[in-house]
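The values are calculated or read from the model by the stated rules, or taken from the named source; none is laboratory data. Everything numeric in this text was worked out from a predicted model, so none of it was measured. Cβ placement follows ideal geometry from the backbone for every residue including glycine, while neighbour counts extend to all protein chains displayed. Remember, those area values only see protein heavy atoms, side chains included, never the ligands or the DNA or RNA. Shrake-Rupley method; radii C 1.70, N 1.55, O 1.52, S 1.80 Å.
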Amino acid sequence: MLQLQPKKRSNLRIWAGTQYYTLKRRAQWMTDKKRYTSKRDTAPLPHLIYEHRTPLYRKLRDVDLKMQQNKVINLNIAIKQLNGIIVSPNEVLSYWKAIGRPTKRKGYVDGMILHYGKVTTGTGGGLCQLSNLIYWITLHSPLTVTERYRHSYDVFPDSRRDQPFGSGATCSYNYLDLQITNRTAQTFQLLLYIEGDYLVGQWRSNIPPTVQYEIYEENHHFTNEWWGGTVRHNQIFRSVLSQDGTFIRNEFITENHALTMYDPFLPENTAYKKADS
């Protein structure tokens, strides 16, 4: 895919682009007339919609454990801004508007970030684990994801993957945002916490769930591009089921295309498959 061919940009070009899109986002927050949520209450609403947990530490080749420890520091700071946030009908949760800019003054430290497909460090690094988790639990709820950005690079080969490739949401303050809109008549609450070596997220509500969701992928494949790269593709869907497991419908969610930074044709690289495939 031509649009995924890496582009060489100078540091000045990258800096200028970041400043432009950051200011553009701030202007949007002030003028787009969306009802951004700001209310928080950590007393849990009565009904659990969905919960998921992800490990805080992974064995990643050539990645210093210190960077993962710093990630946990950053996650703890960001969680304080999001835990208990209430999303009422017609309100929008903006990931970055709620968290704010991650700075050293707020206590954020250098953590691992992915920059143009390369592993590097930056203040607040590691917060993509939080946006990935929020996106995943939102796919298992009646809430609507109205803004999400896929990862442009597939950096590490699959290792004990229990989610489809491309089921996360990349983030970069503040122009790569994750926005979730409540288009229902019920109220939702986001709870986030760290338990042992896991990051845990829940969507809760004032009304019990009437359906459940199963996420799966289709059309997963790799392509060798004319310019020399290998691109990974898939489409993400979800099945909507009644509470007793009766199938209701399938829904298309998104499609993903990412430049792989490893050899995807090694035998140990496997992909998530739909349970009945």
- Options LYS71, LYS66: the member that is modelled with pLDDT under 95 and more than 30 Å from THR144 (Cβ to Cβ): LYS66
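Search the range 174-191 for residues being part of a loop (DSSP other than H, G, I, E, B) and not polar (S, T, N, Q), and hand back the single one that is nearest to the chain's Cα centre (by Cα).
Step one: list which residues in the range 174-191 are part of a loop (DSSP other than H, G, I, E, B), which gives 174-175, 177-178, 182-187.
Filter once more, keeping what is not polar (S, T, N, Q): 175, 177-178, 183, 185.
Details: TYR175: 14, ASP177: 9, LEU178: 7, ARG183: 20, ALA185: 25 Å.
The qualifying residue nearest to the chain's Cα centre (by Cα) is LEU178.
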- Query: Has the range 227-248 got at least one residue that is among the aromatic types (Phe, Trp, Tyr), open to solvent by 80 Å² or more (accessible area, probe 1.4 Å) and part of a strand (DSSP E or B)?
  - Reply: yes
- Query: With GLN28, GLN69 as the choices, which residue is in a helix (DSSP H, G or I) and within 30 Å of PRO142 (Cα to Cα)?
  - Reply: GLN28
- Hey, among THR37, THR42, which residue is in contact with a strand residue (DSSP E or B) (Cβ under 7 Å, 6 or more places away or on another chain) and in contact (Cβ under 8 Å) with a residue 24 or more places away in the chain? THR37
- Task: Give me the pairs, please: first residue somewhere in the range 179-204 and in contact (Cβ under 8 Å) with a residue 60 or more places away in the chain, second residue anywhere and assigned to a strand (DSSP E or B) and of a type in the set (Asp, Glu), beta-carbon distance under 6 Å, and either six or more positions apart or on two chains.
- Result: GLN179/GLU147; GLN202/GLU51
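How many residues does the range 14-34 contain that are of a type in the set (Ser, Thr, Tyr) and free of Cβ contacts under 8 Å to residues at least 24 places away in the same chain?
In the first step, residues of the range 14-34 are kept if they are of a type in the set (Ser, Thr, Tyr); the result is 18, 20-22, 31.
Filter once more, keeping what is free of Cβ contacts under 8 Å to residues at least 24 places away in the same chain: 20, 31.
Number of matching residues: 2.
Taking the conditions exactly as written (surrounded by 13 or more Cβ atoms within 10 Å (Cβ to Cβ), within 30 Å of ARG9 (Cβ to Cβ), touching a residue at least 60 places away in the same chain (Cβ under 8 Å) and of a type in the set (Lys, Arg)), does ARG53 satisfy them or not? Quick ask: steps written out before the conclusion?
Working: surrounded by 13 or more Cβ atoms within 10 Å (Cβ to Cβ): yes; within 30 Å of ARG9 (Cβ to Cβ): no; touching a residue at least 60 places away in the same chain (Cβ under 8 Å): yes; of a type in the set (Lys, Arg): yes.
No.
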